[in-house]
1. Give me P(r) over region 136-266, computed from all C-alpha to C-alpha distances, binned every 5 Å, as integer percentages.
2. Mind checking region 28-93 for chymotrypsin sites (Phe, Trp or Tyr not before Pro) that DSSP puts in a loop (not H, G, I, E or B) and that have at most 13 other Cβ atoms within 10 Å?
3. For q values of 0.07, 0.12 Å⁻¹, compute log₁₀ I(q)/I(0) with the Debye formula on a Cα-only model of the chain, without solvent.
4. List the pair-distance distribution P(r) of region 209-276, using every Cα-Cα distance, as the percent of pairs falling in each 10 Å bin from 0 up to the bin containing the longest distance, rounded to whole percents.
5. So how do 98-106, 160-168, 187-195 stack up, highest first, on mean other-Cβ count within 10 Å?
6. Quick check on packing: order 147-158, 175-186 by the mean number of other C-beta atoms within 10 Å, highest mean leading.
7. Report the full-extension gain for the segment ALA44 to GLU227: residue separation times 0.36 nm, less the Cα-Cα distance, to one decimal in nm.
8. What is the distance in Å between the Cα centres of region 214-286 and region 77-106?
Amino acid sequence: MLYLNGQFVRIEDAKISALDRGCLFGDGVYEVIPVYSRQPFRLAEHIRRLEASLAAIGLSNPHHAEEWMALIAQVISLQDYEDQSIYLHVTRGATGERDFPFPANTTPTVLINPTPLVVPSAEVKATGVRAISHADFRWLRCDIKSLNLLPAVLLRQAAKQAGCAECVMFRNGMLTEGAASNIFVVKNGIIATPPKDHLILPGITYDVVIELAQQHQLPLEARRISEAEVRSADELWMTSSTKEVLGIIELDGKPVGNGCVGPLARQMDSYYYEFKQSIMRKPTSC
Ligand code: PDD
């Protein structure tokens, strides 16, 4: 069962107008929220990022935070599996004609679609994944979690065709992020990641990783990182709600460090796992 515009319906019965602006222009924003044991992970933070994305595109938020929480709790409770990936999007709704400026008085389209959460297996975490790199040819508001995902689609497809899991992007010789993840590098025991600005998505997992590093006294810097630093890093990680903390062992066919998942990636992944367990495996109210 998914939620669409005020109703809980089966996916086969969910209908959206062919003239929905999400469909015509990618005019909308989205979130992906991991749910462990029916507990949404960092829900308040996801809702805050959704609010920021909506405000950035001038789309008024159809729900208060408490309403979003209640809707998401309801969607979670309607599924027969425990660990879920909640995909949520809000578009500027449907109009009678295809016109670029905002139409007057449209009702936003709200979709909340759960699927079983698939995170990398212990084996994949241990072996790590390969990545390619590419120039970051996206726009200059990558801090908005926009539905316009064509660059990510093309780059992830290129990665897939190369037998890789991610595409690491550079803009003007500096690291930005992955096609659908944030990127961390490690050199001489120091973890670094690009700072939050308009060139990257402010990842929820990114924040958790930074907090965990602080908590466990691992040195971490949020700063600009050159392409040369990435190519000579000891370790490279990707982070996201669905990939969690995942080591990248090869970039463009060349080994990262010694070509194995590094000690800090393993350490951070185990902190992340412990954190997940302590926070999420508590008794559920759903
Ligand atoms: N993508 N950067 C980009 C461009 C992303 O698309 C994502 C997540 C992230 C990581 O953000 P978070 O830690 O909040 O998941 C960074 C999601 C998972 C997706 O589009 O499916």
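1. Calculated over all Cα pairs of region 136-266, the distribution is 2, 11, 21, 26, 22, 12, 5, 1 percent.
2. In loop regions of region 28-93 (DSSP not H, G, I, E or B), the sparsely surrounded chymotrypsin sites (Phe, Trp or Tyr not before Pro) are TYR81.
3. Log-scaled intensity ratios, in q order: -0.27, -0.80.
4. Computed distribution, short to long bins: 19, 50, 29, 2.
5. Per-residue Cβ counts within 10 Å, averaged per peptide and sorted highest first, yield 160-168, 187-195, 98-106.
6. The peptides rank, most packed first, as 175-186, 147-158.
7. 62.5 nm
8. Between the Cα centres of region 214-286 and region 77-106 lies a distance of 32 Å.
Read-outs throughout are calculated quantities, based only on the coordinates presented, and are distinct from any laboratory measurement. No experiment lies behind these values; they were computed from the predicted model shown. Note that each Cβ is placed from the backbone with ideal geometry, even for glycine, and that neighbours are counted across all protein chains shown.
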